[in-house]
Amino acid sequence: AMQGKVEESRAVYEQALALRDDPGLRLRMVLQSPVVYRDVVEAMRTRQQIEDKIDELLLKPPVIHDAALQMGTLPFYLSFQGLDERPFLERLSTLLRRASPDLNFVAEHCRVPVSLKGKRPLRIGFVSKYLFDHPVGKHNATLFEQLPHDEFELVVARPAHRDDDVSRRITQACQQSV
């Protein structure tokens with residue numbers, strides 16, 4: 001599917017499922033979408049098919065024992081359609097949490113809300129090799145500049161540092177750059 005061969009990919013999934021039914025693999029097949037669409041009609045049709053299948057599965061969720069192993073990646077390329085992803089992702093999240101109840105686990109130390117008022121800023125680290133004049137860098141530069149520095153201490157780690165306007169904006173917006 002990542003190579004644009006969604007139909008061929010589905011055929012391979014069908015062969016694998018004929019050998020052994022695996023709800024995670026079946027869901028992975030449902031969530032496939034092309035990387036590039038022929039036109040808007042194909043994009044909207046694909047999205048509608050995925051949403052319809054999720055709604056159908058919500059009525060009788062599959063049992064997925066190990067979501068990380070059985071599911072793999074999620075429908076990343078749908079986000080490039082320029083639509084509000086929240087309702088879709090909320091339904092998908094509901095489905096996954098019903099299918100794999102282990103995803104509902106919350107560590108004990110995370111159950112009690114912690115107030116950061118009057119304490120040191122929350123340190124957040126970002127690691128990416130794309131923190132320069134690249135779409136990832138441009139998006140994050142704006143994010144880093146807009147975060148309130150009295151609440152957050154930003155640390156960026158860049159395996160390969162490039163010196164350009166965007167990388168300098170990122171360095172300026174962060175308290176530490178490694």
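Within region 91-100, not a single residue is part of a helix (DSSP H, G or I), surrounded by 17 or more Cβ atoms within 10 Å (Cβ to Cβ), of a type in the set (D, E, K, R) and at pLDDT below 90. Report whether or not LEU131 is closer than 27 Å to GLN49 by Cα and in contact with a helix residue (DSSP H, G or I) (Cβ under 6 Å, 6 or more places away or on another chain). In short, no.
Residues of region 40-65 that are of a type in the set (Val, Ile, Thr) and open to solvent by 50 Å² or more (accessible area, probe 1.4 Å): VAL40, VAL41, VAL63. Look at (1) among the small types (Gly, Ala, Ser); (2) open to solvent by 60 Å² or more (accessible area, probe 1.4 Å); (3) more than 30 Å from MET29 (Cβ to Cβ) and you find that ALA68 fails only one, number (3).
Checking each residue in region 128-168 for being touching a Phe, Trp or Tyr at 6+ places or on another chain (Cβ under 8 Å), open to solvent by 40 Å² or more (accessible area, probe 1.4 Å) and part of a helix (DSSP H, G or I) picks out only VAL136. Filter region 75-90 down to residues that are more than 14 Å from GLU51 (Cβ to Cβ) and among the hydrophobic types (A, V, I, L, M, F, W, C) and give me whichever is most open to solvent (accessible area, probe 1.4 Å). The selected residue is PHE80. Taking first residues from region 4-22 that are under 21 Å from PHE76 (Cα atoms) and among the acidic types (Asp, Glu) and partners that are open to solvent by less than 90 Å² (accessible area, probe 1.4 Å) and modelled with pLDDT under 90, the Cβ contacts under 9 Å between residues at least 6 apart in sequence or on separate chains come to GLU8/ALA1. Applying the criterion of being of a type in the set (A, V, I, L, M, F, W, C) and closer than 23 Å to SER93 by Cα to the residues of region 15-32, the residue that is nearest to the chain's Cα centre (by Cα) is LEU31. Counting the residues of region 55-97 that are of a type in the set (D, E, K, R) and either touching a residue at least 12 places away in the same chain (Cβ under 8 Å) or in contact with a Cys (Cβ under 9 Å, 6 or more places away or on another chain) (or both) gives 3. Scanning region 1-39 for residues that are part of a helix (DSSP H, G or I), at pLDDT below 90, over 20 Å from ALA99 (Cα atoms) and open to solvent by 20 Å² or more (accessible area, probe 1.4 Å) turns up GLU7, GLU8, SER9, ARG10.
The values are calculated or read from the model by the stated rules, or taken from the named source; none is laboratory data. Note that the coordinates shown come from a computational prediction; the quantities given were computed from them, not determined experimentally. Neighbour counts are summed over all protein chains in view; Cβ atoms, including those assigned to glycine, are modelled from backbone coordinates with ideal geometry. All accessible areas refer to the heavy atoms of the entire protein, side chains included, with ligands and DNA or RNA removed. Shrake-Rupley method; radii C 1.70, N 1.55, O 1.52, S 1.80 Å.
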